[in-house]
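Below is one structure, written out as structure tokens; the observations come after it.
The values are calculated or read from the model by the stated rules, or taken from the named source; none is laboratory data. Note that this is a predicted model, so its numbers are computed, not measured. Cβ placement follows ideal geometry from the backbone for every residue including glycine, while neighbour counts extend to all protein chains displayed. For the accessible areas, the whole protein counts, side chains as well, though only heavy atoms, and no ligand, DNA or RNA atoms are used. Shrake-Rupley method; radii C 1.70, N 1.55, O 1.52, S 1.80 Å.
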Amino acid sequence: MQNAGIHSLGLDWRYLAFDVPPENLQAAIDGAAAMRFIGLNLTVPHKLLAVKMVDALDSSARRWGAVNTIRFEGRDSGRWLPLSQLPASFNGKVRSHGFNTDADAIIHSLREDLKMEPRNASVVLLGAGGAGRTAALRLAAEGVHELRLINRTATKAAALGKEIRRRFPKTIVHLGYGSGACADLILNSTSAGLKLADPLPLDIRHLPLKNAAAVYDMIYQPAETPLLKAARKAGCRTANGLGMLLHQGAMALEIWSGQPAPMDVMRRALQKAIHG
Ligand code: ATR
């Protein structure tokens, strides 16, 4: 997806994957800066750790408490400019600038793939891990009316509920299914569904799928998880997490390049890479 986007923008860059153990993350970020990398994407478990490791935090990273995108910037006449805007010969001071594109990608994908407007919606969120926390906070910021938090480990859902109530008091938070019989959206952020034999992350005795208008699963491989299959059969609108992956990547490319991302090119490359 990124290499297709980079190529389409006519940039002489390459996007590569590196397997970095958490204890080497700071050295890896500093090393990438020393090698004049344009930027980095980070994934689990680096997104939270990096918040304390970058030189500057964008408001997106500060607000959602996680960094998934780093842009390296050079100091030029007192201003910090993306390395993409500086000559290759630039030899001045470089800093790492952390951003978060995951949170906004959720909202983009819900609108685009489910034709769903989160404002005033009633949402059931399955999972309270890193991805679930970002989704819950971003949805609350978008003005969802009610959030029901379901997690295998109840204490994690309780901690998340407390944070939402403190930061976004207008959103009504319930721990567990509560008495609400319907939902505008069920959003799965758990890893249950990565294998086709996995049990549903939802207890359909408490919330039958036919009572939900739409179901979004952050998992994109398999393309149709058991939850999405059951939801489709129950007549819900459904979408997997491919759109979220696309949008977080497209926004990262825009941050690095300063140009609009070629969405169609990136979407096609992503679909081909993941689903053939
Ligand atoms: P991520 O960054 O992708 O969110 P994570 O922080 O490890 O990863 O969170 C994984 C989420 O999936 C958690 O909500 C986890 O529940 P626990 O908090 O109880 O661990 C949930 N999860 C993982 N396996 C699950 C399963 N088999 N059934 C239900 N939930 C599961």
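Ranking ALA154, TRP256, GLY129 by Cα position along the charge dipole of the chain, where only Lys, Arg, Asp and Glu carry charges on their C-beta atoms, puts ALA154 farthest toward the positive end. Full extension of the chain between HIS275 and ALA158 gives 38.5 nm of extra length, using 0.36 nm per residue less the Cα-Cα distance. The calculated Kirkwood hydrodynamic radius for the chain is 19.7 Å, given to one decimal from all distinct C-alpha pairs. Report, to the nearest whole %, how much of the accessible area of the chain belongs to carbon and sulfur atoms, 1.4 Å probe, protein only. The nonpolar share, carbon plus sulfur, comes to 54 percent. Here the calculated FRET efficiency for HIS206 and LYS115, from their Cβ-Cβ distance with R0 = 35 Å, stands at 0.85, rounded to the nearest 0.05. In terms of Cα atoms, the Rg and Dmax of region 61-121 work out to 16.9, 51 Å.
Rounding to the nearest 10 and keeping the result within 0 to 90°, find how far the Cα-based axis of helix 130-142 lies from the longest principal axis of the chain. With rounding to tens, the tilt is 80 degrees.
Do you know the relative contact order of region 104-240, to the nearest whole percent, from alpha carbon pairs under 8 angstrom that are 6+ apart?
Numbers: 263 pairs, mean separation 30.7, N = 137.
Once normalised by length, the contact order is 22 percent.
Along the axis of the charge dipole computed for region 163-266 (Cβ charges of +1 for Lys and Arg, -1 for Asp and Glu, origin at the Cα centre), the listed residues GLY241, GLY176, LEU187 are led at the positive end by GLY176.
Taken per residue, the accessible surface of region 104-240 reaches 47 Å², heavy atoms only and a 1.4 Å probe.
Relative to the compact-globule scaling 2.2 N^0.38 Å, provide the ratio for the alpha-carbon radius of gyration of region 109-179. Provide the component values of the computation, followed by the final result.
Details: Rg = 11.3 Å, N = 71, 2.2 N^0.38 = 11.1 Å.
Relative to the rule-of-thumb radius for its length, region 109-179 sits at 1.02.
Global size of region 104-240: 13.4, 39 Å for Rg and Dmax (C-alpha atoms, Rg to one decimal, Dmax whole).
Taking all protein chains together, TRP64, TRP80 sort by accessible area into TRP80, TRP64, largest first [probe 1.4 Å]. For VAL124, the residues whose modelled amide H falls within less than 5 Å of its own, excluding neighbours fewer than 5 places apart on the same chain, are ARG148, LEU185, ILE186, LEU187.
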